[in-house]
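Participant: Can you keep this structure in mind? I'll have questions shortly.
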Amino acid sequence: MIKTVEWRAGAVRLLDQRKLPFTEEYPEFTTYEQVASAIKRMVVRGAPAIGVAAAMGAALAAKDIETNDTGEFLRQFEEALAVLAATRPTAVNLFWAIERMRARAKSLTGRPVAEIRKTLEDEAHKVYQEDLAINKTMGENGAALLAAGDSILTHCNAGALATAGGYGTALGVIKAAHLAGKKITVFADETRPWLQGARLTAWELMKEGIPVTLITDNMAGHCMKRGMISKIIVGADRIAANGDTANKIGTYTVAVMAKRHNLPFYVAAPMSTIDYSLPDGSHIPIEERASEEVTHIMGGQQIAPDGVKVFNPAFDVTPAELISGIITERGVAMPPNRQTLAVLRTA
Ligand code: MRU
């Protein structure tokens, strides 16, 4: 099993995704500041994986706060949570995990600090274990939507590497259908500028023995037109209450293309990715990243003139009307809208 994030005796071990597919390195991070920096620098990425890493980062912070006074402990813990929260603004799983750790700490107000520390470490473990289990269930829920011989287009990486490990979300659906013997093949968009499709999805699917063909992002429409794609499945970084979905930049273009070619377009995401506080996608904050990610290839070769103006949004929002179904661990919202998503919330 791919182990994206792990708690190792007081340290957070991450598979360094910037180095894949060339080397498999597992650096360990011993402070919450280091974990926050690793999230920002894309050592770990993918909404659910960011959430799990943040929960473990919070447990590290709790371990290192040197006081026996509960009030002072909670004050310093809050400072650490603010540092973890200031890393990647779009992936709501980050804020979901931070809120869960905050609530757990507050529920123990008045208890001895040692007990709070231990409880927070246990809570981070739970977040990790739950993520593994949720993805497996989601995969099984989604696999029912796939038919034998389907050729699936995916964008970015929504696999084990984007979660605690194991199954993944969009790739979890594909893996479950593959394990059920449905003979699924996959087209992976390379996903400029970080190349999560080329570097991560291709690597992960090849490791699983699932046939994958790599294409550049601008080839997707052509492949759909030629009948090479039967369905599209992607992950999500944040889903508003009406089903509008933020995912890796380029997802919206794929969804528009899918509509044009009458192809089902599915999103697979855990319930923790649904932000019921936002009425629609226009409220989702979109992360903008450094211009060098566009002017250079993977921090190396420069491909644009010095000083060129760059716009580098990391995500876009696909309107719910372009999405056939949102696959979660609680079932599928089909079509996704305020009502079908509200039903899942109380399921
Ligand atoms: O910038 P990234 O690599 O963190 O973006 C990841 C994505 O957009 C994924 O598709 C999304 O987080 C879903 S992961 C299960």
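The values are calculated or read from the model by the stated rules, or taken from the named source; none is laboratory data. Treat the numbers as computed from the prediction; the structure is a model and nothing was measured. Positions of Cβ are generated from backbone atoms using ideal geometry, with glycine treated the same way; all protein chains shown enter the neighbour counts. The accessibility values were calculated without ligands, DNA or RNA, using every heavy atom of the protein model including side chains. Shrake-Rupley method; radii C 1.70, N 1.55, O 1.52, S 1.80 Å.
Participant: Take Met219, Met1 and sort them by solvent-accessible surface of the protein heavy atoms, 1.4 Å probe, largest at the top.
Facilitator: On the way: Met219 80, Met1 140 Å².
So the residues, ranked largest to smallest area, are Met1, Met219.
Participant: Shifting gears a bit: Based on alpha-carbon positions alone, could you give the equivalent ellipsoid semi-axes of the stretch 141-346 from the gyration tensor, as √(5λ), descending, whole Å? The partial results should precede the final answer.
Facilitator: On the way: eigenvalues 132, 95, 48 Å².
Listed largest to smallest, the semi-axes of the stretch 141-346 are 26, 22, 15 Å.
Participant: Kindly sort Leu179, Leu171 by accessible area of their heavy atoms, largest first, with the probe set to 1.4 Å.
Facilitator: The ordering from most to least exposed comes out as Leu179, Leu171.
Participant: Would you mind finding the longest exposed-site-free stretch of the chain, with exposed GluC sites (Glu not before Pro) meaning DSSP loop and at most 11 other Cβ atoms within 10 Å? Working shown, then result.
Facilitator: On the way: sites that count: Glu24, Glu66.
Longest run free of exposed loop sites: 67-347.
Participant: Which of the pairs Lys3/Lys259; Lys19/Lys309; Lys248/Lys309; Lys19/Lys126 have their Cα atoms more than 26 Å apart in this structure?
Facilitator: Details: Lys3/Lys259 36 Å; Lys19/Lys309 28 Å; Lys248/Lys309 21 Å; Lys19/Lys126 28 Å.
As for pairs spanning more than 26 Å Cα to Cα, those are Lys3/Lys259; Lys19/Lys309; Lys19/Lys126.
Participant: If each residue of separation counts as 0.36 nm, what is the full-extension length gain between Ile286 and Ala133 once their alpha-carbon separation is subtracted?
Facilitator: Working: separation 153, 0.36 × 153 = 55.08 nm, distance 2.88 nm.
Going from the current span to full extension adds 52.2 nm.
Participant: Considering only protein heavy atoms, what is the solvent-accessible area of His296 at a probe of 1.4 Å, reported in Å² to the nearest 10?
Facilitator: The accessible area of His296 comes to roughly 40 Å².
Participant: Give the accessible surface of the stretch 5-135 per residue, rounded to a whole number of Å², with probe radius 1.4 Å and ligands, DNA and RNA excluded.
Facilitator: Numbers: 5300 Å² over 131 residues.
Here the residues of the stretch 5-135 average 40 Å² of exposed surface.
Participant: So between Ala103 and Ala148, what do we pick up on full extension, going 0.36 nm a residue minus the alpha carbon distance?
Facilitator: Working: separation 45, 0.36 × 45 = 16.20 nm, distance 4.45 nm.
Residue separation times 0.36 nm, minus the Cα-Cα distance, leaves 11.8 nm.
Participant: How big is the accessible area of Leu214 in square angstrom, nearest 10, if you roll a 1.4 angstrom probe over the protein chains?
Facilitator: Counting only protein heavy atoms, the figure is 90 Å².
Participant: Nearest 500 deg cm²/dmol is fine: what mean residue ellipticity at 222 nm does the chain get from its DSSP H runs of n ≥ 4 alone, each adding -39,500 (n - 2.57), divided by its residue count? Don't skip to the answer; put the middle values down first.
Facilitator: Working: 11 runs with 135 residues, N = 347.
Here the helix-only value at 222 nm equals -12000 deg cm²/dmol.
Participant: Here is a further query. Can you give the FRET efficiency to the nearest 0.05 for Arg75 and Arg111, using r as the Cβ-Cβ distance and R₀ = 22 Å?
Facilitator: Details: r = 16 Å, r/R0 = 0.71.
Approximately 0.90, to the nearest 0.05.
Participant: What ranking of Asp306, Asp275 comes out by heavy-atom accessible area, probe 1.4 Å, highest first? Write down the numbers at each step before the final one.
Facilitator: Numbers: Asp306 135, Asp275 20 Å².
Largest accessible area first, the residues go Asp306, Asp275.
Participant: Right, here's the next one. When DSSP assigns beta bridges and you keep just the ones with both residues in the chain, what percent turn out antiparallel, to the nearest 5? Kindly include the intermediate steps, with their values, before the conclusion.
Facilitator: On the way: 18 of 36 bridges.
Counting DSSP beta bridges with both partners in the chain, the antiparallel share is about 50 percent.
Participant: Related question: Taking the C-alpha atoms of the chain, how large are the radius of gyration and the largest Cα-Cα span, Dmax, in Å?
Facilitator: According to the Cα coordinates of the chain, Rg and Dmax are 19.8, 66 Å.
Participant: Next question. Kindly state, to the nearest 0.05, the FRET efficiency for Asn68 paired with Glu24, given R0 = 41 Å and r defined as their beta-carbon distance. Before the final figure, lay out the partial values.
Facilitator: Details: r = 41 Å, r/R0 = 1.01.
Here the calculated transfer efficiency is 0.50.
Participant: Could you look at the chain and say what percent of its accessible area is carbon and sulfur, using a 1.4 Å probe and all protein chains? Before the final figure, lay out the partial values.
Facilitator: Working: 7690 of 14140 Å².
For the chain, the apolar C and S fraction of the accessible surface comes to 54 percent.
Participant: Can I ask one more? Using the heavy atoms of the protein chains alone and a 1.4 angstrom probe, what is the accessible area of the stretch 208-347 per residue in square angstrom?
Facilitator: Ligands and nucleic acids excluded, the result is 48 Å² per residue.
Participant: Any chance you could list P(r) for the stretch 218-314, counting all Cα-Cα pairs in 5 angstrom bins from zero, rounded to whole %?
Facilitator: Taking every Cα pair in the stretch 218-314, the percentages come to 2, 12, 17, 16, 16, 16, 14, 6, 1.
Participant: Rolling a 1.4 angstrom probe over the protein chains, ignoring ligands and nucleic acids, what is the accessible area of Phe315 in square angstrom, nearest 10?
Facilitator: 10
Participant: If I take the Cα coordinates of the stretch 5-135 and project them onto the principal axes, what are the three extents in Å, biggest first?
Facilitator: Result for the stretch 5-135: principal-axis Cα extents of 49, 27, 25 Å.
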